[in-house]
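For reference, the structure discussed in these notes is given below.
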Amino acid sequence: MKKEKDMDVYDIEVMVADESHEQYVDTILDTIEAAAKVRGTGIARRSHEYVAQKMREGKVVIALAGDEFAGFSYIESWGNKQFVATSGLIVANKFRNQGLAKRIKHRAFQLARLRWPKAKLFSLTSGSAVMKMNTELGYFPVTFADLTDDEAFWRGCNGCVNHDVLIRTQRKYCICTAMLFDPADERCLLLEKLCGTFAKKEARRRKAVLEEAKEKNDRDVYRVSEKTAINGRGQEVALLT
């Protein structure tokens, strides 16, 4: 059977969603639920209207490969906008291992920093990949007491399968790890700046290598990971360091 070619990661557009993207909401919710089941970890359930409203408010980052859904994240603000969270990061199965999650995470982070420059950005996650991306952006591990005390935020955990752990510990800890980016902390600002610089260099480097690979093989490069690209003949092309 002929293998369906993968989309070049640079053909995937990462953008701020609006009301025109509401058609993807059910796909987004199904993708998030399926990923949570595979991981065996909890995730707060959101309704169709909740995500659609976030899109109308310009608080959603979506990735599309043409008209096909590829990835998603959204932004929430709490405590009179003193705290902001980028949440729900997900990449569709066929687009994983291409660096897309990092692109979405960085775009959501940039959007949050632009809209709420003085707010503390926080994250509650059980995923090691998200923790790594948070650290690169300037987040530091903190206790739950350092997060927002806005009850509306904590009610969002009610739909998580691990909610009983949060209740039993009186909200002191749970399965998730709490991380915080504080714009008043010089360490966070330094890491944010370094991450932005490295991200730009990495994007330029990878694009140059992909273009070179295309020219050498006279075929499209269909899939790219952190270290290799796959050309039209299914051959690995090492990305330069």
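Bear in mind these aren't lab numbers, they're just calculated from the coordinates by the rules spelled out. Here the structure is a predicted model, which is why all the values come from computation and not from measurement. Note that we place each Cβ from the backbone using ideal geometry, even for glycine, and neighbour counts take in every protein chain shown.
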Inset, instruction - Towards the positive end of the charge dipole of segment 11-146, with charges on Cβ (+1 Lys, Arg; -1 Asp, Glu), say which of Thr135, Ile12, Ala35 has the farthest Cα. - result: Thr135
Inset, instruction - Go through Lys54/Lys120; Lys81/Lys172; Lys132/Lys172; Lys94/Lys172 and tell me which ones have a Cα-Cα distance over 27 Å in this structure. - result: Lys94/Lys172
Legend entry - Extension reserve of the Ala145-Val161 stretch, reckoned as 0.36 nm per residue once the Cα distance is removed: 3.6 nm
Legend entry - Unit charges on C-beta of K, R, D, E only; dipole of segment 90-137, Debye: 140 debye
Inset, instruction - Indicate the gyration tensor shape class of segment 85-195 (rounded, prolate or oblate), computed on the Cα atoms with a ≥ b ≥ c the square roots of the eigenvalues: a/c under 1.5 is rounded; otherwise a/b larger than b/c is prolate and the rest oblate. - result: oblate
Inset, instruction - Give the long-range amide H neighbours of Phe122: residues separated by 5 or more places, or on another chain, with amide H under 5 Å away, using H modelled in the peptide plane at 1.01 Å from N. - result: Val84, Ala85, Thr86, Phe181
Legend entry - Karplus (6.51, -1.76, 1.60) ³J(HN,Hα), θ = phi - 60°, over segment 136-141, in Hz, Gly and Pro reported as x: 4, 7, x, 7, 10, x
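Of the listed peptides 57-66, 183-192, 137-146, what is their order by residue-averaged count of other C-beta atoms within 10 Å, with the highest listed first? List each step's numbers first, then the result.
On the way: 57-66: 19.8, 183-192: 14.0, 137-146: 17.3.
Highest mean packing first, the order is 57-66, 137-146, 183-192.
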Legend entry - Potential extension, Glu68-His48 segment - 0.36 nm per residue separation minus Cα distance: 5.4 nm
Inset, instruction - Return the sequence-ordered ³J(HN,Hα) values of segment 61-75 in whole Hz as given by the Karplus equation 6.51 cos²θ - 1.76 cosθ + 1.60 applied to θ = phi - 60°, using x for Gly and Pro. - result: 10, 10, 10, 10, 9, x, 9, 9, 5, 10, x, 6, 7, 9, 10
